[in-house]
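Undergrad: Just passing along the structure, written as structure tokens.
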Amino acid sequence: MTIKINLRKIYEKMGQQYNVDAWWNKETPFEIIVGAILVQNTNWNNVQLALDNLHKRQCLSLHEIHTTNLCDLQTWIRPSGFYKQKGTTLKQIADMLVLEYKSDIELFLKNDINVIRQKLLKVKGIGFETADDIILYAANKPVFVVDKYTIRILSRIGIIRKNLKYQAVQDLFHENFPKDTFLFQKLHALFVSLGQNACKTKPLCDTCCLNSICESNLKNLFSPT
DNA sequence: CACCAGGCAAGTA
DNA sequence: TACTTGCATGGT
């Protein structure tokens, strides 16, 4: 299935009706990687509590996470939930960066998108979405991050079926948008923002929109061919 | 009290 | 391949 996306409309709507900041503007690439892992299936408030703990312990750096005791690390990130697995995942990615890239994060992020992606996906606890998050926001390379809101919103509008898989949805965006990092960053934040503010039942309606964007507006943004 | 948040992996059929 | 379940804290 192909969709024709009216880019000009999207830019107009986003400019006029949204002021969604692209996430992770000021953080270091490593902090972005940590945040991407900690935020899995939780909200940013809980992540912030965990990050504050790490900061207090001076442990928000590659070297510290690599050398610190796993149990301590798990204790500090506890507020973000799933702290045992996430702690192990952080350790594994730190090991990879230290051992295979001599602690040079930029060297790792300089690789081609597919190289970075394959490396990240080998780490247990990093799946498609987290890998792409890191590529888009830490490496600043143009991949579109698909999350459950993207699929929920597009399927409710009738553009895709809700059982469409991650890679298929991503391909759809890659085929229909220019490979523009900033655009993908904003667009992803837009979907999350919309999804969080949409009603949880169905369908999207006038009373559950964000900044007066609702189902009909979305249909105008994404016009089926 | 229930529900869910910016997922992932392992298990089952 | 397509579901289901465990992982876990904190806010509403």
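Every number in this text was worked out from the coordinates using simple rules, so none of it is lab data. Predicted model only: the values in this text are computed from it and were never measured. No Cβ is skipped: glycine too gets one built from the backbone with ideal geometry, and neighbour counts run over all protein chains shown.
Undergrad: Which ³J(HN,Hα) values, rounded to whole Hz and listed in residue order, are derived for region A:150-163 from phi using the Karplus coefficients 6.51, -1.76 and 1.60 in 6.51 cos²θ - 1.76 cosθ + 1.60 with θ = phi - 60°, glycine and proline given as x?
TA: 4, 5, 4, 5, 5, 6, 5, 6, x, 7, 10, 7, 6, 9
Undergrad: Ok, one more. Size of the dipole of region A:29-138 about the Cα centre, Lys and Arg at +1 and Asp and Glu at -1 on the beta carbon, nothing else charged, in debye to 20?
TA: Working: 12 positive and 12 negative charges, 69 e Å.
With Lys and Arg at +1 and Asp and Glu at -1, about 340 debye.
Undergrad: Any chance you could count the Lys pairs in region A:29-138 whose alpha carbons are under 20 Å apart, treating pairs 8 or more apart or on different chains as valid?
TA: Value for region A:29-138: 17.
Undergrad: Full-extension gain between A:Asn69 and A:Leu107, please, as 0.36 nm times their residue separation minus the C-alpha to C-alpha distance. Working shown, then result.
TA: Numbers: separation 38, 0.36 × 38 = 13.68 nm, distance 2.59 nm.
In short, 11.1 nm is gained.
Undergrad: With θ set to phi - 60° and the Karplus curve 6.51 cos²θ - 1.76 cosθ + 1.60, what are the ³J(HN,Hα) couplings of region A:36-49 in order, to the nearest whole Hz, using x for Gly and Pro?
TA: 5, 6, 5, 7, 4, 6, 8, 9, 5, 4, 5, 4, 4, 4
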